[in-house]
Amino acid sequence: MSKPLDVIVEKRRTVHTYSELWHASECVLNVGLSNPEGSSWQFLSSILLTAFTFEAYLNHLGSRTMDRWSDYDRLPTDEKFNLLCREIGATFPLGSGARPLQTITELFKFRNTIAHGRTTELNPPPLKRNVGNYLAAHHELLSTPWERCIKDSSFAIRAREDVALVLAKLHEASKDEEALFSSGMSHHSATLVVS
């Protein structure tokens, strides 16, 4: 009877978290787009995953371009972004008052509002309407700014468009040879052990 053979299996995997989050953001958005009625939560999820993508990409790029990136780990996202732009020479001539950076600002206001959620009291001043058209005002739902962002897909779509533009510009300026939104790499090997 022969002795069973042994095999040594080795595995290694690099996971680009930003890329996985980007894919998740698209998947959730597509579910909402396929059935828009009642899809506010899909739009909310897509927006948050898009914000997480942006943050994760900054950490991905920062660790590749700056020796002591971990020293900046606790900086606010906008400070990390500005630091990286200076480091790699990325510029956005239209500034934060126009797209795409204007959307990034709105995206992180949304993200921070949700991440640090608070109970909100909505108490606008009374509206004066004539009897013929008061019903529209009467039936209008009071909503917070973040709720208005998820009433339809428009902000989720714009956030993805503008994050893609900003990340592409950062990626190009960094001269990274790996494709943007690459999911990473896996390596597997098996070695037969001969005794």
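The values are calculated or read from the model by the stated rules, or taken from the named source; none is laboratory data. None of the values given here were measured: they were computed from a predicted structure. Heads up, the Cβs are rebuilt from the backbone with ideal geometry, glycines too, and the neighbour counts pull from every protein chain shown.
Brief remarks on what is shown
- Across the stretch 20-29, the qualifying residues are those that are in contact with a helix residue (DSSP H, G or I) (Cβ under 8 Å, 6 or more places away or on another chain) and surrounded by fewer than 23 Cβ atoms within 10 Å (Cβ to Cβ), and the one among them that is nearest to Lys109 (Cα to Cα) is Leu21.
- Among the residues examined, Ser96 does not qualify as buried (at least 17 other Cβ atoms within 10 Å of the Cβ) and under 20 Å from the mean Cα position of the chain (by Cα).
Yes/no matrix, rows are residues, columns are (1) under 16 Å from Phe54 (Cα atoms); (2) surrounded by 11 or more Cβ atoms within 10 Å (Cβ to Cβ):
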| residue | (1), (2) |
| --- | --- |
| Leu141 | no, no |
| Pro145 | no, yes |
| Ser153 | no, yes |
| Ala156 | yes, yes |
| Lys169 | yes, yes |
| Glu172 | yes, yes |
| Glu177 | no, no |
| Leu180 | yes, yes |
| His187 | no, no |
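- The stretch 1-40: number of residues that are hydroxyl-bearing (Ser, Thr, Tyr), over 17 Å from Met185 (Cβ atoms) and outside any helix (DSSP H, G or I): 2
- The stretch 30-73, residues that are within 12 Å of the chain's Cα centre (by Cα), farther than 16 Å from Glu20 by Cβ and surrounded by fewer than 22 Cβ atoms within 10 Å (Cβ to Cβ): Leu44
- Total residues in the stretch 1-18, condition charged (D, E, K, R) and modelled with pLDDT of 95 or more: 0
- Per this entry, Leu75 is not counted among residues that are in a helix (DSSP H, G or I) and of a type in the set (A, V, I, L, M, F, W, C).
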